Each structure stands twice: as C-alpha cells, then as structure tokens.
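Student: Got a structure for you, written out below as structure tokens; questions coming shortly.
The values are calculated or read from the model by the stated rules, or taken from the named source; none is laboratory data. It should be emphasised that the depicted structure is a prediction, and the values quoted were computed from it without experimental measurement. Using ideal geometry, Cβ is built from the backbone for each residue, glycine included, and neighbour counts are taken over all protein chains shown.
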Amino acid sequence: MPAPELRLVLAVSLDGRLAPPAGGAAQIGGRGDRRVLEEALAWADGCLIGGRTLRLHGTTCLIHQPDLLEQRAQQGKPPQPAAIVVSRSGRFDPQLRFFAQPLQRWLLGPDLRQAPAGFAAALPLQSWREALAVLAGRGLQRLVLLGGAELAGVLLREQLVDELQLTLCPLLLGGQHSWLPAGVTLDSSGWRLEHMRRLEGEELLLRYRCLRG
C-alpha cells in the first residue's frame, strides 16, 4: 500500500520560531493563517498531532468555515478529518476539551494493544513507513501534520514529508523554539515552490514540494 500524502503545516516567525522565548502554545498566526490552515484540514483525511502538543493545547484544530465544510460534504467526507495522536503512553487527561470535539480520534504508538477510552482505534507504531501504510489502507490518503517539532523532525529525517505549508508571520521572536528540534540531521533534498499567496495581516503563505532523488 503506498504511503499517504503528508503535508507539514506551520505558522512561523520571520526568524523561524514557533513560539515566543517563554514558550507556551504556538499560536502566532492571524486570520490569514487560520484560513489556510482550515483549507489544509479540508484537503486532509487525517491530522497527525504529537501527544505533547495535544497536552499543551488541550484541543486540535477544527474546520469552521462554511464553504470548506460544504466542500467536504460534497466530497462525501465527514466534517472534520480524523485526529491521529502519536503517543508512547497513550495516557491523557480525560477532561481535555479534545475529547469533546466533534471528530474521530485515533491513537498511534509503539506499545498499544487496545484503544483507550475516547479513541476509536489504536494502531501500532514500529516503523513510520509501515504505520503510514496502515493509515493509507484505512482510507487516510491525505494527512496534515500540525506538530510538534520533534514529530516533524522525525518525519522529515525519514523523508516522509511531501509538502511544507508555511505561513510566514511578520514577527521576530528569538529564543529556542524553532520549528525543528536542535541537532536533527536531515537529507539534502531540495524543495520546489508550488504556491505563494499574500494573506491578511502581512502574512505570506508558502507551499513547497519535496524534490527527492
């Protein structure tokens, strides 16, 4: 089974940071970024999110724009893509708002045997290529990755990310919270600019396609 299409979606500052130096939930994008984020979610069948990111935010992103919800309805898709949480322990506070959001929740991890309460399915993660093939076999042909940095670094290192969707925000933040973890070693693949769009609030959408040899 071929791997699904995987798009990494991020809002980053001009100096490549996800959050201010003090840390906290990464929410630096404005209304323009929110629109293109929802467009990516409307395109996707599933959304990958790291367990730490989920604990930090307490929720995942949802589609709210009526035209995008209508688009998915016309395509016979559920209103929201499935949320696929990547976690070793699979343990989360059941009071997180995530568990009340109107979407299907899946869990992906190395030692999972059954789905905990709140999740519709638990899938093994022994290798990322195998796990992505399993997701594709279950109908998730298009995936967006929303974070965090460690998960993005792993998937980029294994050359599994097909597209980068970056919203460049007019901020200089400094600090250590880059969108890739320190010390990650990547291959030398180049990236081709596929799309560029100026957004509200002086933000800029850039979408790049990986050029693999």
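Student: Across region 1-33, what is the total count of residues that are touching a helix residue (DSSP H, G or I) at 6+ places or on another chain (Cβ under 9 Å) and under 21 Å from Leu204 (Cβ atoms)?
Tutor: Residues meeting the conditions: 13.
Student: Right, here's the next one. Check region 163-176 and report whether any residue there is among the charged types (D, E, K, R), outside any strand (DSSP E or B) and either out of contact with any Ser or Thr (no Cβ under 9 Å at 6 or more places or on another chain) or surrounded by 13 or more Cβ atoms within 10 Å (Cβ to Cβ) (or both).
Tutor: Checked region 163-176: no residue is among the charged types (D, E, K, R), outside any strand (DSSP E or B) and either out of contact with any Ser or Thr (no Cβ under 9 Å at 6 or more places or on another chain) or surrounded by 13 or more Cβ atoms within 10 Å (Cβ to Cβ) (or both).
Student: Going by the conditions given, is Gln114 in a loop (DSSP other than H, G, I, E, B) and at pLDDT below 95?
Tutor: Considered against the rule, which asks whether it is in a loop (DSSP other than H, G, I, E, B) and at pLDDT below 95, Gln114 comes out as yes.
Student: For region 188-213, what are the residues that are over 18 Å from Gly29 (Cβ atoms) and in a loop (DSSP other than H, G, I, E, B)?
Tutor: Once the filter is applied, which keeps residues that are over 18 Å from Gly29 (Cβ atoms) and in a loop (DSSP other than H, G, I, E, B), region 188-213 yields Ser188, Ser189, Arg212, Gly213.
Student: OK, next. Identify all residues within region 132-146 that are modelled with pLDDT under 95, closer than 13 Å to Ile84 by Cβ and not hydrophobic (A, V, I, L, M, F, W, C); write none if there are none.
Tutor: Matches in region 132-146: Arg138, Gly139.
Student: Which residues, counting only those in region 73-99, are in contact with a Lys or Arg (Cβ under 9 Å, 6 or more places away or on another chain) and either part of a strand (DSSP E or B) or of a type in the set (Ser, Thr, Tyr) (or both)?
Tutor: Scanning region 73-99 gives Ala82, Ala83, Ile84, Val85, Ser87.
Student: Now for a different question. Between residues in region 177-199 that are touching a residue at least 40 places away in the same chain (Cβ under 8 Å) and under 14 Å from Ala152 (Cβ atoms) and residues that are surrounded by 13 or more Cβ atoms within 10 Å (Cβ to Cβ) and among the charged types (D, E, K, R), which pairs lie under 6 Å by C-beta distance while being six or more apart or on different chains?
Tutor: That search, which allows pairs on different chains as well, returns His177/Arg17.
Student: Of the residues that make up region 4-17, is at least one among the acidic types (Asp, Glu), buried (at least 20 other Cβ atoms within 10 Å of the Cβ) and not in a loop (DSSP other than H, G, I, E, B)?
Tutor: Among the residues of region 4-17, not one is among the acidic types (Asp, Glu), buried (at least 20 other Cβ atoms within 10 Å of the Cβ) and not in a loop (DSSP other than H, G, I, E, B), which makes the answer no.
Student: Would you point out the residue of region 100-111, among those that are part of a loop (DSSP other than H, G, I, E, B) and in contact with a strand residue (DSSP E or B) (Cβ under 6 Å, 6 or more places away or on another chain), that is surrounded by the most Cβ atoms within 10 Å (Cβ to Cβ)?
Tutor: Leu103
Student: Could you check region 176-203 and list, in sequence order, the residues that are touching a helix residue (DSSP H, G or I) at 6+ places or on another chain (Cβ under 7 Å) and of a type in the set (D, E, K, R)?
Tutor: Glu200, Glu203
Student: Given the criteria buried (at least 17 other Cβ atoms within 10 Å of the Cβ) and either of a type in the set (Ser, Thr, Tyr) or assigned to a loop (DSSP other than H, G, I, E, B) (or both), does Thr185 qualify?
Tutor: No; evaluated as a whole, the condition is false for this residue.
Student: Right, next: Given the options Ala115, Ala152, name the one that is small (Gly, Ala, Ser), under 14 Å from the mean Cα position of the chain (by Cα) and either surrounded by 15 or more Cβ atoms within 10 Å (Cβ to Cβ) or within 19 Å of Leu6 (Cβ to Cβ) (or both).
Tutor: One residue alone meets the criteria, Ala152.
Student: Can you name the residue in region 25-44 that is of a type in the set (Gly, Ala, Ser) and assigned to a helix (DSSP H, G or I) and is also nearest to Ala149 (Cα to Cα) among such residues?
Tutor: Going through the qualifying residues, I end up with Ala40.
Student: Now for a different question. Limited to region 54-70, what total is found for residues that are buried (at least 21 other Cβ atoms within 10 Å of the Cβ) and in a helix (DSSP H, G or I)?
Tutor: Looking only at that region, the number is 1.
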